[in-house]
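Single-structure report; data block below.
Nothing in this text is a laboratory measurement; each read-out follows from the coordinates by a stated rule. Small disclaimer: the values here were computed from a predicted structure and weren't measured. Quick reminder, even Gly has a Cβ in these numbers, built from the backbone with ideal geometry, and neighbours come from all protein chains shown.
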Amino acid sequence: MLKHKTWHDEHAESLSFGQSLADKVANGMGSWTFIICQTIFVILWMILNFVGFMYHWDVYPFILLNLLFSTQAAYAAPIIMMAQNRQSERDRVQAMKDYQTNVEAKEEIELLQLRLNSIEIEKLDKILRMLEELTSKN
């Protein structure tokens, strides 16, 4: 059976490696899994630095941890923006495809309406002919 590609399939195939990677990173960073993992990481970081018996690699106020978050934010923001821009493009493509589908459906409905009207006219003409025949015989 022949499977037709949707607009979404076509769009996904047109993405470059970088665009696809940015979408995956943005999806990952926008998930509860990421938030939970990052929270666990921060809690462990703080516990290990508070309780560390021999070596505190990042003492309070955790300047290294803040630097890591700043770096993460510096890279995450443009990646998320790229993903949002592509989402806007996908929305525009979907809206255009929906519009085209609506125009095609409207044209088909208009053709069906014309065909139904012509059938009605043919039926009425046939009824009128039959009535004329009946009246002419009487």
Within the under-14-Å Cβ sphere about Lys5, not counting Lys5, Lys/Arg +1 and Asp/Glu -1 give a net charge of -1
What's the longest piece of the chain with no exposed chymotrypsin sites (Phe, Trp or Tyr not before Pro), counting a site as exposed if DSSP puts it in a loop and it has at most 12 other beta carbons within 10 Å? 58-138
Can you list the equivalent-ellipsoid semi-axes of region 18-137, largest first and in whole Å, using the square root of 5 times each Cα gyration tensor eigenvalue? 76, 15, 7
Cα-Cα P(r), region 78-138, percent of pairs per 5 Å interval: 4, 15, 9, 11, 8, 7, 8, 6, 7, 5, 5, 4, 3, 3, 2, 2, 1, 0
Per-residue ³J(HN,Hα) for region 21-36, Karplus 6.51 cos²θ - 1.76 cosθ + 1.60, θ = phi - 60°, Hz, x for Gly and Pro: 5, 4, 4, 5, 5, 5, 5, x, 6, x, 10, 5, 4, 5, 4, 5
Under a crude label model (7 Å from the Cα following the beta-carbon direction), how far is Gln87 from Leu48 in nanometres? 3.3
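In region 1-90, which trypsin sites (Lys or Arg not before Pro) fall in coil by DSSP and have 11 or fewer other Cβ atoms within 10 Å?
Passing both the DSSP loop test and the Cβ count: Lys3, Lys5.
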Please report the net charge: other residues with Cβ closer than 12 Å to the Cβ of Gly30, K and R +1, D and E -1. 0
